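Read the structure below first, then the notes.
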Amino acid sequence: MTPDVGGCTIGDDGLARPAWAAADPLLRDYYDHEWGLPVRDEQGLYERISLEAFQAGLSWVTILRKRPAFRAAFADFHPETVAAFSADDVERLLQDSGIVRNRLKIRAAITNARATLDLRVDGGLVDFVWGFQPDSTPEPTAPDQIPTSTPESIALSKALRKRGFAFVGPTTMYALMEAIGMVDTHLLDSHRRGTSGVWPA
């Protein structure tokens, strides 16, 4: 890999990516095929909210490495199933070395599953979250030009908390917005810029 004149690194395949996406094969695959693409199904969005919460204080590659175990532990993040988890399930999950064993985060995943079900009477989680899509997206040429929170992520955080969600702070919600394509924070010289279909290149 060699540095480019912009904010990206040129990989051995000749494609430009930010440094974080070039550091590990798992991150590179995630960046190339998943990060920044729209997620518009309830189960997929609930999974993303859950994993972003588990990531707090940890590296994203740690979460990616554990994602198969997370999916096994949380029934593929099926909201109805997780919403029915009991205190015994929390204790079971705390013994699962494949996931992040944090009681508050595990309980938050269950709480958020129940809140996801409750939102169905008002149009559902997907419409609720995507209702906070901003009118414009950043156009960064360097990583330090990418915000960590915005008025929209602050508003989304407050709205989700009001509806009973936990571990949905403004920074976590901005990371979610980036991950699901609500904003495009790919660097302008990245080969992925504009690929979401939500924002022009």
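Nothing in this text is a laboratory measurement; each read-out follows from the coordinates by a stated rule. In this text the structure is predicted, and so the values were computed from the model without any measurement. Backbone-built Cβ (ideal geometry, glycine too); neighbour counts: all protein chains shown.
See the values below:
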read-out	value
Whole-Å semi-axes of the ellipsoid equivalent to region 1-119 (Cα gyration tensor, √5λ, descending)	32, 15, 10
In order through region 44-59: 3J(HN,Hα) via Karplus (6.51 cos²θ - 1.76 cosθ + 1.60), integer Hz, x for Gly, Pro	x, 6, 4, 4, 5, 4, 5, 5, 4, 5, 5, 6, 3, x, 10, 7
Degrees separating the helix 60-73 axis from the principal Cα axis of the chain, which is the longest one	30 degrees
Cβ charges +1 (Lys, Arg) and -1 (Asp, Glu), total dipole of the chain, debye	740 debye
Backbone HN-Hα couplings from phi across region 181-190 [Karplus 6.51/-1.76/1.60, Hz, Gly and Pro as x]	x, 5, 10, 10, 9, 4, 4, 4, 9, 6
0 to 90° range, to nearest 10: angle between helix 151-162 axis and the chain longest Cα axis	10 degrees
Positive-end residue, the chain charge dipole about Cα centroid, Cβ charges, pick of GLY164, MET177, ILE154	GLY164
Qualifying trypsin sites (Lys or Arg not before Pro) for region 1-68 [loop in DSSP, other Cβ within 10 Å: at most 13]	ARG40
From phi via Karplus (6.51, -1.76, 1.60), per-residue ³J(HN,Hα) for region 98-108 in Hz, x at Gly/Pro	x, 10, 7, 8, 10, 4, 5, 6, 5, 5, 5
Sum of side-chain charges, ALA23 neighbourhood, beta-carbon under 13 Å (Lys, Arg +1; Asp, Glu -1)	0
CD proxy at 222 nm, helix term only [per DSSP H run n ≥ 4: -39500 (n - 2.57); per residue of the chain; nearest 500]	-14500 deg cm²/dmol
Stretch gain in nm, segment ASP29-ASP127, where the contour uses 0.36 nm per residue and the Cα spacing is subtracted	32.5 nm
Two-decimal Rg to Rh for the chain - Kirkwood Rh, Cα set	0.98
Region 65-100-region 132-198 distance, computed between alpha-carbon centres (Å)	26 Å
FRET efficiency for GLN43 and LYS158, using Cβ-Cβ distance with R0 set to 41 Å, rounded to 0.05	0.95
Cα long-axis angle, helix 170-179 against the chain (0 to 90 degrees, to the nearest 10)	60 degrees
